[in-house]
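See structure below.
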Amino acid sequence: MWLHASCLLEFNIPVATPFLLMLRPRSGYQQWVGREQYVLSPSVSAVEFTDPFGNLCQRLVAPAGPFSIQTSVDIEAADASDSAPGAHFVPVEQLPDETLPFLLPSRYCESDRFTQMTSSIVEGRAPGYDQCSAIVEYIRNTIQYAPGEGQEIISACEVNEKSLAVCRDMAHLGIACCRAISIPARMVVGYLETLEPMDLHAWFEAYVGGRWYTFDPTQDNLQGGRVAIAYGRDAADVAIYSQFGDPVDLLRMEVSVERMSAPSY
């Protein structure tokens with residue numbers, strides 16, 4: 001399917017402020033960028049670079065006063081994310097080098113503290129994809145997805161003590177549990193066509209069966225087009241914007257995802 005996705009951020013900037021942005025999806029597995037637009041108002045110069053995880057990032061200094069960032073993209077995405085029950089566990093010694101950072105504990109995913117709990121959760125499940133499914137079932141059964149409930153980023157250990165959580169927090173818990181049983185897992189931030197209420201979304205991917213697969217504790221199924229914007233070890237790596245220095249006011253954020261006819265560029 002073809003999707004038109006957009007994100008508008010409007011700020012009030014007290015003083016000139018350096019920003020690091022991560023708002024441009026890239027073509028890759030299961031998504032292809034047809035056309036995109038990136039508008040800064042007022043217009044300022046920006047420098048783009050690729051971070052260690054392959055994300056397209058932009059650096060700029062926002063001037064004092066009103067400042068907005070408007071991005072949009074026409075992108076071809078799969079109708080649903082792939083699933084592969086029974087996909088095998090990949091032994092650590094056989095993992096590709098690029099997956100290894102996603103095996104280790106990180107700031108918000110303290111996987112070294114979840115070994116015993118996760119072993120209990122996945123007991124009786126075939127190593128690999130089926131263990132990841134058991135982890136997702138545990139999260140869905142113990143924590144209620146509550147959009148807008150958590151503004152502060154919390155770690156997997158803190159999430160595990162709550163009954164309500166946002167998508168980012170539930171992804172942190174899933175990632176920590178997967179890593180605890182030596183399955184590489186990474187956070188993904190992007191768009192989900194079927195998300196209600198509409199917003200930017202977070203889920204996780206686990207490396208089993210020789211490739212990355214999508215897991216989303218907030219959704220009952222894997223239907224709906226997904227557009228990945230950024231990948232990382234946890235939320236610290238995938239912030240859509242980071243500002244440095246004095247605080248700034250985010251006045252408005254609007255996200256839209258709509259199906260569109262196949263373009264004829």
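The values are calculated or read from the model by the stated rules, or taken from the named source; none is laboratory data. If you're wondering where the values come from, they're calculated on a predicted model, not measured in any experiment. Every residue, glycine among them, receives a Cβ derived from its backbone with ideal geometry; neighbour counts consider all protein chains shown.
All of (1) at pLDDT below 95; (2) under 26 Å from HIS4 (Cβ atoms); (3) charged (D, E, K, R); (4) not assigned by TED's automatic domain parsing to the domain that holds SER120 hold for ASP246 with one exception: (2).
Against the test of being over 19 Å from ALA146 (Cα atoms) and in a strand (DSSP E or B), the options SER264, SER242 yield a single qualifying residue, SER242. Residues satisfying the criterion are present in the stretch 98-108 (criterion: touching a residue at least 24 places away in the same chain (Cβ under 8 Å), of a type in the set (S, T, N, Q) and either under 29 Å from TYR29 (Cβ atoms) or crowded, with 22+ Cβ neighbours inside 10 Å (or both)).
I'm trying to understand the selection: among the residues of the stretch 213-239, which are polar (S, T, N, Q), part of a strand (DSSP E or B) and surrounded by 14 or more Cβ atoms within 10 Å (Cβ to Cβ)?
Matches in the stretch 213-239: THR214 only.
Condition first: in a loop (DSSP other than H, G, I, E, B) and among the aliphatic types (A, V, I, L, M). Now tell me which residues in the stretch 57-104 satisfy that. Spell out the reasoning first.
We begin by selecting, within the stretch 57-104, every residue in a loop (DSSP other than H, G, I, E, B); these are 63-64, 78-79, 81-87, 89-91, 95-96, 104.
Once the filter is applied, which keeps residues that are in a loop (DSSP other than H, G, I, E, B) and among the aliphatic types (A, V, I, L, M), the stretch 57-104 yields ALA64, ALA78, ALA84, ALA87, VAL90, LEU95, LEU104.
Looking at this structure, is GLU196 assigned by TED's automatic domain parsing to the domain that holds TYR145, modelled with pLDDT of 95 or more and surrounded by fewer than 23 Cβ atoms within 10 Å (Cβ to Cβ)?
Numbers: assigned by TED's automatic domain parsing to the domain that holds TYR145: yes; modelled with pLDDT of 95 or more: no; surrounded by fewer than 23 Cβ atoms within 10 Å (Cβ to Cβ): yes.
No; evaluated as a whole, the condition is false for this residue.
Quick check: anything in the stretch 121-142 within 22 Å of ASN55 (Cβ to Cβ), in contact (Cβ under 8 Å) with a residue 12 or more places away in the chain and of a type in the set (Val, Ile, Thr)? The answer is no; no qualifying residue exists.
Based on what the data block shows, is LEU23 free of Cβ contacts under 8 Å to residues at least 40 places away in the same chain, aliphatic (A, V, I, L, M) and out of contact with any Lys or Arg (no Cβ under 9 Å at 6 or more places or on another chain)?
On the way: free of Cβ contacts under 8 Å to residues at least 40 places away in the same chain: no; aliphatic (A, V, I, L, M): yes; out of contact with any Lys or Arg (no Cβ under 9 Å at 6 or more places or on another chain): yes.
When the stated conditions are applied, LEU23 does not pass them.
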